[in-house]
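Here is the structure we will look at.
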DNA sequence: GACCAGGCACATC
DNA sequence: GATGTGCATGGT
């Protein structure tokens, strides 16, 4: 399996090149985006983040001091805006109290310790925590998301019943513990997920199908 | 006008 | 523990 995952990475990287992820200008923006994108199309998240930027509110203190109703209105395009306002607030309360709103300070905590802390914040689940760890704190924590799951199950790399930690462990035990590698790998999976697997079910033209000869055993669409 | 999207917490069994 | 449900916008 280790070889296979490495092979897949090399193939995708060779075909698609570096992905320059996460799509954000600052680590703090990464975190806000990670919370806003929960079960939500990224295009909607971009609109919400643009609203915050337009008003100069993309800082921990500015957001923490906003009224619920005002913040909810600003992030409305990203959907679930009442839930996400609470989640942003609970994160910001913790981030300001624990680290004074400093990413650099936060990065001083160990990967395992910080993951546990993040998961204790209401509204931060495994995927959001790992996204923050990897893309904002630059720690080698592999992110498993809907694209990862969908792509790997479709190509028979993992089983449908495998849970989050199982899939995460699979990557982390098969690859060098390297944040930049995890970054690129996850980004490449999202890339083909967005551009091939989602748009074209059972597609045979995605770089992964090209490598694995996917779906040969499946019947054609009727 | 359905159907879907980088989840998560909480209720219920 | 497993399984179900509410949360909501905007693109295709």
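Coordinate-derived values only; no laboratory data. Remember, predicted model here, so these are calculated numbers, not experimental data. FYI the Cβ positions are ideal-geometry reconstructions off the backbone, even for glycines, and counts take in every protein chain you see.
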Mind giving me the nanometre distance, one decimal, between the label points for residue A:16 and residue A:122, set 7 Å out from Cα along Cα→Cβ? 3.7
Rounded to two decimal places and with Rh computed the Kirkwood way over Cα pairs, what is Rg over Rh for the stretch A:1-85? 1.15
Going by alpha carbons, how many degrees (0 to 90, nearest 10) lie between the helix axis of A:81-99 and the longest principal axis of chain A? 70
Only Cα pairs within less than 10 Å get springs; with that Gaussian network setup on chain A, which residue of A:72, A:179, A:159 has the largest fluctuation? A:159
Quick check: the angle from helix A:42-54's long axis to the longest principal axis of chain A, C-alpha only, nearest 10 degrees? 30
Convex hull over the alpha-carbon atoms of the stretch A:27-136: what's its volume per residue in Å³? 85
Can you give me the distance in nm between label points at residue A:82 and residue A:169, each placed 7 Å from the Cα along the Cα-to-Cβ direction? 3.9
Segment residue A:205-residue A:73, length gained on full extension (0.36 nm per residue, minus Cα span): 43.4 nm
Picking from A:114, A:66, A:189, which is most flexible by a Gaussian network model of chain A using Cα springs under 10 Å? A:66
So the angle from the long Cα axis of helix A:2-16 to the longest Cα principal axis of chain A, reported in degrees to the nearest 10, equals 80
Between the stretch A:136-163 and the stretch A:31-55, what is the separation of their alpha carbon centroids in Å? 22
GNM top mover of A:162, A:130, A:178 - chain A, alpha-carbon springs below 10 Å: A:162
When a/c reaches 1.5 or more, the comparison of a/b and b/c decides; with that in mind, is chain A rounded, prolate or oblate per its Cα gyration tensor? prolate
